[in-house]
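> Below: one structure in structure tokens.
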Amino acid sequence: MSSAKDGRPVRIAFCADVHLGNPKRLGGPVEGSLNERCREGLTALAVAVIRARELGCSDFVVLGDLLDRDDPLPQLVTETARALGLGSHDMTVHLLLGNHELASTALEDHALGPLGLLGCAVAGEPALRLLGEGPPRSRAAMLLVPYRPGRARDWLPSVVEGLLDGVEC
């Protein structure tokens, strides 16, 4: 939670490494193309989103690897959108690209694209985003840096510097 300039808190919820998928190992029975373990992950995600809404969060951020593969089943994409509550509330859902969703390093070649079309703010490229509501000075600034192949110490400092260039803190 960050404190806004007007004294109201900016509430942001985070989760990471959800790894929704249909694992064969300990997957359990399959119903409607999705196994029991996948459905349990979807339920856990839905509970986290509901709790974030109850706490008054303006933003819900998934810090990579929401999905376990770069080619999810259409049924999984549909159920993931449902678990994220897309279209049913005013909380913004941000998805950072993780290594498991990445099909290649080509722009937009990842599994999160359909969720972006359904209303998620997908960060496939590094970005500086204002989270929360109201005028810019009352919002929280956040650097969203998705997965990128290679050693982070080789590329991350210049990416962060580029995002912050000209930004007043």
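> In segment 147-168, which residues are open to solvent by 60 Å² or more (accessible area, probe 1.4 Å) and small (Gly, Ala, Ser)?
Gly150, Ser158, Gly166
> Which one of these does Lys24 not meet: (1) free of Cβ contacts under 8 Å to residues at least 40 places away in the same chain; (2) in contact with a helix residue (DSSP H, G or I) (Cβ under 8 Å, 6 or more places away or on another chain); (3) open to solvent by 60 Å² or more (accessible area, probe 1.4 Å)?
(2)
> What's the number of the condition Arg51 fails, among (1) assigned to a helix (DSSP H, G or I); (2) under 21 Å from Leu97 (Cα atoms); (3) in contact with a strand residue (DSSP E or B) (Cβ under 9 Å, 6 or more places away or on another chain)?
Answer for Arg51: the failing condition is (2).
> Just to be sure before I move on: is Glu133 touching a residue at least 12 places away in the same chain (Cβ under 8 Å) and farther than 16 Å from Asp59 by Cβ in the structure I sent?
Answer is no for this residue.
> Which count do you get for residues in segment 66-101 that are assigned to a loop (DSSP other than H, G, I, E, B) and more than 18 Å from Val47 (Cα to Cα)?
Matching residues across segment 66-101 total 11.
> As an exercise: evaluate Leu144 against (1) in contact with a Lys or Arg (Cβ under 9 Å, 6 or more places away or on another chain); (2) surrounded by fewer than 19 Cβ atoms within 10 Å (Cβ to Cβ); (3) farther than 18 Å from Leu20 by Cα; (4) not β-branched (Val, Ile, Thr) and give the number of the one condition it does not meet.
Of the numbered conditions (1) in contact with a Lys or Arg (Cβ under 9 Å, 6 or more places away or on another chain); (2) surrounded by fewer than 19 Cβ atoms within 10 Å (Cβ to Cβ); (3) farther than 18 Å from Leu20 by Cα; (4) not β-branched (Val, Ile, Thr), the odd one out for Leu144 is (2).
> With the structure loaded, tell me whether Val159 is more than 25 Å from Asn35 (Cα to Cα), modelled with pLDDT of 95 or more, of a type in the set (A, V, I, L, M, F, W, C) and not in a loop (DSSP other than H, G, I, E, B) or whether it fails that test.
It is true that Val159 is more than 25 Å from Asn35 (Cα to Cα), modelled with pLDDT of 95 or more, of a type in the set (A, V, I, L, M, F, W, C) and not in a loop (DSSP other than H, G, I, E, B).
> Report, by residue number, each residue of segment 79-129 that is open to solvent by 50 Å² or more (accessible area, probe 1.4 Å) and closer than 17 Å to Val145 by Cβ.
Asn99, His100, Thr105, Leu107, Glu125, Leu128, Arg129 - these are the residues of segment 79-129 that are open to solvent by 50 Å² or more (accessible area, probe 1.4 Å) and closer than 17 Å to Val145 by Cβ.
The values are calculated or read from the model by the stated rules, or taken from the named source; none is laboratory data. It should be emphasised that the depicted structure is a prediction, and the values quoted were computed from it without experimental measurement. Please note: Cβ atoms are built from the backbone with ideal geometry, for glycine as well, and neighbour counts cover all protein chains shown. The accessibility values were calculated without ligands, DNA or RNA, using every heavy atom of the protein model including side chains. Shrake-Rupley method; radii C 1.70, N 1.55, O 1.52, S 1.80 Å.
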